[in-house]
Amino acid sequence: MPPQRYPYIPQTKGEMMDYLAMVMLSSPTFKDDYFPYRNVETVFYSLNEGLKAIRKKVGEERYAELVSLSDRMRAHFEADPEDKTEDTIKGRELVHRMEDIITKR
């Protein structure tokens, strides 16, 4: 299968929640036989672009917090690519925090 020409970018809060579920399940490497182009770089590009797409819906303060959590999450996953330390667990905990922020009204 050729690489995906355009990355998937979540456009709504619901799509972002689905995307975060994928992040949780496929972290820390994001490798997938069906999506061979998927890796840390492409996943976090899509995540951050998706956050931009929902920025107005969540507000500036929550958007800034989500971007900060995304950056921290990526650092944790990159620090533990073999899922052998606590960093992957810490990264996954940040996924839950992001979900809580997105669903907060």
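The values are calculated or read from the model by the stated rules, or taken from the named source; none is laboratory data. What you see is a predicted model; the values in this text were computed from it and never measured. No Cβ is skipped: glycine too gets one built from the backbone with ideal geometry, and neighbour counts run over all protein chains shown.
Scan the range 1-21 for residues that are touching an Asp or Glu at 6+ places or on another chain (Cβ under 9 Å), at pLDDT 95 or above and either among the polar types (S, T, N, Q) or more than 13 Å from MET98 (Cβ to Cβ) (or both) and report the count.
Looking only at that region, the number is 1.
Give the residues of the range 83-97 that are within 13 Å of the chain's Cα centre (by Cα) and not in a helix (DSSP H, G or I), sorted by residue number.
Hits for the range 83-97: nothing passes.
Considering ASP80, ASP100, which residue is in contact (Cβ under 8 Å) with a residue 40 or more places away in the chain and either under 17 Å from GLU49 (Cβ atoms) or over 11 Å from the mean Cα position of the chain (by Cα) (or both)?
Working: ASP100 fails: in contact (Cβ under 8 Å) with a residue 40 or more places away in the chain.
Residue meeting the stated conditions: ASP80.
For GLU78, are the conditions met, namely being over 21 Å from GLN11 (Cβ atoms) and modelled with pLDDT of 95 or more?
Numbers: over 21 Å from GLN11 (Cβ atoms): yes; modelled with pLDDT of 95 or more: yes.
Against the criterion (over 21 Å from GLN11 (Cβ atoms) and modelled with pLDDT of 95 or more), GLU78 qualifies.
Of the residues in the range 1-29, how many are touching a residue at least 40 places away in the same chain (Cβ under 8 Å) and assigned to a loop (DSSP other than H, G, I, E, B)? Quick ask: steps written out before the conclusion?
Start the filter on the range 1-29 by keeping residues that are touching a residue at least 40 places away in the same chain (Cβ under 8 Å), which leaves 7, 9-13, 16-17, 20, 23-24, 27-29.
Retained after the next criterion (residues that are assigned to a loop (DSSP other than H, G, I, E, B)): 7, 9-12, 27-29.
Residues flagged as touching a residue at least 40 places away in the same chain (Cβ under 8 Å) and assigned to a loop (DSSP other than H, G, I, E, B) within the range 1-29 amount to 8.
Check the range 61-71 and report whether any residue there is touching an Asp or Glu at 6+ places or on another chain (Cβ under 9 Å) and hydrophobic (A, V, I, L, M, F, W, C).
Here is the first cut: in the range 61-71, the residues touching an Asp or Glu at 6+ places or on another chain (Cβ under 9 Å) are none.
No, every residue in the range 61-71 fails to be touching an Asp or Glu at 6+ places or on another chain (Cβ under 9 Å) and hydrophobic (A, V, I, L, M, F, W, C).
One line per residue, one yes/no per condition, for (1) surrounded by 14 or more Cβ atoms within 10 Å (Cβ to Cβ); (2) in contact with a helix residue (DSSP H, G or I) (Cβ under 9 Å, 6 or more places away or on another chain); (3) in a loop (DSSP other than H, G, I, E, B):
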residue	(1), (2), (3)
THR42	yes, no, no
SER46	yes, yes, no
LEU51	yes, yes, no
LYS57	no, yes, no
GLU61	no, no, no
ALA64	no, no, no
VAL67	yes, yes, no
ASP71	no, yes, no
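Does any residue of the range 30-37 turn out to be assigned to a helix (DSSP H, G or I) and surrounded by fewer than 19 Cβ atoms within 10 Å (Cβ to Cβ)? Can you show your working first?
If we filter the range 30-37 for residues that are assigned to a helix (DSSP H, G or I), which is where we start, we get none.
Scanning the range 30-37, I find no residue that is assigned to a helix (DSSP H, G or I) and surrounded by fewer than 19 Cβ atoms within 10 Å (Cβ to Cβ), so the answer is no.
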